[in-house]
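Report on the following structure.
Only the coordinates and a few stated rules stand behind these numbers; no lab work does. Bear in mind that the values here come from a model prediction, so they are computed numbers and not experimental data. Using ideal geometry, Cβ is built from the backbone for each residue, glycine included, and neighbour counts are taken over all protein chains shown.
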Amino acid sequence: LGWGGEKLVMGGLSLGGAVSLRFAHQHPDQVGAIVLVSSPGLGEPWWSLVWLLVALRWTLTLLSFVVACFAYPFSCHWTHLDAADPGCARGRSQGHNASLEYRRGHGGVRLWLNRLAGHCRLVWDTPRYGVPPDMPQRLRDRGVKLNMVWGKADVLHTAQTEAWGAGRRTERIVVPHWDHTLCCFLFDKVLRLWEKESWWSL
């Protein structure tokens, strides 16, 4: 690729910011500057509440599965819905109920447990995504330049500019009234970060 070993300037939007931070953690000698745009990486005080929503969602799913099992306990021809085409139904039993068919026929217990495990893993990883909690201090100790863009109304990844920017040379933009979605869709068209040479230089 023509890379001669010089330090990299990495930039990441949303999850891409966490990827940049993880790369900087794993290859500390290769990164000289990072640009974060509405990125995760630090813990959020409200994130523990998400576990309550996950528990509620999967409890309701389990209850619907149990109801389906007891509603037609002797049916041998429950529909297996194709994961690639949820509308594909085969082997319907006589007098089937479409809603119960979906719940019971959606891949069986094994697929249900796999999805539960995947959902829990996603919530467990969010919003740090493997970024060490002391990463701001590590970047400061290495002298890594850090520039940031955040939306003031971003409740998905709250503005953490103080934690990331304290005690370092940094440029930051905090946009009033922008939430996470607006920041993701409009930062390049409105802020035109690629024109800010100081943001991409060491």
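Filtering segment 141-191 to residues that are acidic (Asp, Glu) and either touching a Ser or Thr at 6+ places or on another chain (Cβ under 6 Å) or part of a helix (DSSP H, G or I) (or both) leaves 141, 154, 162, 188. The residues in segment 13-30 that are surrounded by fewer than 22 Cβ atoms within 10 Å (Cβ to Cβ) and on the phi < 0 side of the Ramachandran plot can be counted, and the count is 12.
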